[in-house]
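The structure appears right after this line, and notes come after that.
Every number in this text was worked out from the coordinates using simple rules, so none of it is lab data. On a predicted model such as this, the values are computed, not experimentally measured, just so you know. As a convention, Cβ positions derive from the backbone with ideal geometry for all residues, glycine included, and neighbour counts pool all protein chains shown.
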Amino acid sequence: MVYMREGTGSANNALAKKWINMNSESSHQLLKAIAKVLILHMSNQIKAGAQLIQIFDSSADLLSQEDYLEFSLP
């Protein structure tokens, strides 16, 4: 979602953080849609023979604890 909002990587993801705080419901909907696509993609990777899948949030450290718990952790 960060790259969708920022258009690229940034030092502090200010546009993405502003977006989630101003558009909480839309942010949750977008994150759910992204999660569905990622689950499908990972499932297909496993079906194709992948033996290892790694999931990480490269921007989690830039969120406040509250934003992390609400938007990233789920």
> Which order do 57, 67 fall in if you start with the one that has the fewest other Cβ atoms within 10 Å?
Replying inline: 57, 67
> Can you sort 71, 56 by how many other beta carbons sit within 10 Å, fewest first?
Replying inline: 56, 71
>> Between residue 33 and residue 50, what is the label-point separation in nm under the 7 Å Cα-to-beta-carbon projection?
In response: 2.2 nm
>> What are the ³J(HN,Hα) couplings of segment 56-63, residue after residue, when phi is run through the Karplus curve with 6.51, -1.76, 1.60 and θ = phi - 60°? Round to Hz, x for glycine and proline.
In response: 8, 10, 6, 10, 4, 5, 8, 8
> Magnitude of the Cβ-charge dipole of the chain, K/R +1 and D/E -1, about the Cα centre, nearest 20 debye?
Replying inline: 320 debye
>> If each residue of separation counts as 0.36 nm, what is the full-extension length gain between residue 10 and residue 69 once their alpha-carbon separation is subtracted?
In response: 19.1 nm
> Out of 10, 21, 39, whose Cα points farthest toward the positive end of the dipole of segment 2-72 (charges: +1 Lys, Arg; -1 Asp, Glu; placed on Cβ)?
Replying inline: 39
